[in-house]
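What follows is a single structure, written as structure tokens, with notes after it.
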Amino acid sequence: MKVLWITSVYPSSQKPGEGVFHETQVQALRMQGVDVAVICPSPVNPAPLRLLKKKYRQARTIPEYEERKGIPVYRPPYTALPGQLKWAQPHRRIAKSVLRTIEKHGLAPDLIHAHFAMPSGGAAAVVSQRLKVPYVLTLHGSDVNIYPQYSKGAFRAFETAVHSAAKVLAVSDELKAKTKEMTGAECSVLPIGVNLDRFQKPSASTFELREKFGLPKDKKLLTFVGRLVKGKGVAELAEAVK
């Protein structure tokens with residue numbers, strides 16, 4: 001089976017940790033004999049904006065094509081405006097860039113798997129209709145809890161992405177319930193997998209490890225794993241611990 005993976009974030013040689021959960025899943029599928037190609041469209045601000053403000057000038061440091069661990073990854077550009085997800089959806093422009101990539105490289109997927117309802121899900125709906133190929137949609141969190149609340153247009157885009165999919169997956173029971181409440185659509189829960197073999201108990205003792213890494217031996221330690229952004233609640237966590 002040939003699967004086309006559409007996402008707005010995927011690891012690259014420059015940013016190997018960005019959206020690494022995608023690569024984990026893709027590699028798991030590859031081990032099962034599934035032929036996967038990834039298209040991760042890259043937003044580019046229009047020329048007038050790039051002239052107006054320095055922050056809108058984007059240097060494309062990530063290659064438009066690279067092969068990562070045996071998986072072809074395409075990053076075609078599409079025109080986008082800053083903050084557009086709040087008031088309009090660029091899914092049609094993303095779909096055009098995806099379709100151009102499919103045609104240029106002769107991709108012929110049997111199934112499309114889109115991640116995040118907006119904008120990838122909306123783009124997948126357009127591509128699916130054009131190619132007559134079904135798509136599966138995975139909901140990850142912000143595409144349910146945040147983006148649809150921005151505007152009526154954003155909510156409509158969310159509904160379209162969900163109802164156009166042949167199958168909707170949510171990474172948690174809470175997202176499944178909220179999607180049902182918002183759209184009436186049924187979801188299946190498929191959590192993001194973790195390779196437990198990589199997190200087995202170390203042979204060294206806790207005391208030895210603390211000594212090795214110069215950590216205090218008589219205090220409780222708290223570890224945070226995630227992006228250091230306000231939305232993750234790191235400041236609240238630190239305050240609660242204090």
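For the stretch 201-242, state the average projected area of the convex hull of the C-alpha atoms over all orientations, rounded to one decimal in nm².
Details: hull surface 16.1 nm².
The Cα convex hull of the stretch 201-242, projected and averaged over all directions, gives 4.0 nm².
Select one label from (1) 65, 42, 35; (2) 61, 45, 41; (3) 69, 56, 45: the one whose number is Cα extents along the principal axes in Å as derived from the coordinates shown.
(2)
Would you order GLU239, GLU18 from fewest to most other beta-carbon atoms within 10 Å of each residue's own beta-carbon?
Fewest-to-most Cβ neighbours within 10 Å comes out as GLU239, GLU18.
Pick from LEU169, LEU222, LEU131: which residue has the top mean-square fluctuation in a GNM of the chain where Cα pairs under 10 Å get a spring?
Between LEU169, LEU222, LEU131, it is LEU222 that shows the largest mean-square fluctuation.
Under the rule of at least 5 residues apart or a separate chain, name every residue whose amide H is placed under 5 Å from the amide H of ARG68.
Amide H neighbours of ARG68: VAL73.
Once the Cβ-Cβ distance between GLU181 and GLN129 is put in as r, and R0 is 22 Å, what FRET efficiency do you end up with, to the nearest 0.05?
That pair, GLU181 with GLN129, gives E of 0.25.
In what order do VAL98, VAL44, VAL36 fall by count of nearby beta-carbon atoms within 10 Å, going from fewest to most?
Numbers: VAL98 29, VAL44 17, VAL36 21.
Least to most surrounded, the residues fall as VAL44, VAL36, VAL98.
Just need the relative contact order of the chain here, percent rounded to a whole number, with Cα pairs under 8 Å and 6+ apart.
15 percent
What is the distance, in nm, between label points placed 7 Å from the Cα along the Cα-to-Cβ direction at LYS219 and at GLN84?
A separation of 4.7 nm, rounded to one decimal place.
What is the fewest-to-most order of GLU66, GLU236 by other Cβ atoms lying within 10 Å of their Cβ? Spell out each step's value before the answer.
Numbers: GLU66 14, GLU236 10.
Ascending Cβ contact count within 10 Å gives the list GLU236, GLU66.
Once you've got the GNM for the chain with C-alpha springs shorter than 10 Å, pick whichever of PHE213, PHE21, PHE116 has the biggest mean-square fluctuation.
Evaluated over the chain, the most mobile residue of the options is PHE213.
Which of TYR65, TYR74, TYR135 moves the most in a Gaussian network model of the chain with Cα springs under 10 Å?
Maximum among the listed residues: TYR65.
Here, each number is a calculation from the coordinates, and none is a lab measurement. Since we're looking at a predicted model, the values are computed, not measured. Here Cβ is always computed from backbone atoms with ideal geometry, including for glycine, and neighbour counts include all displayed protein chains.
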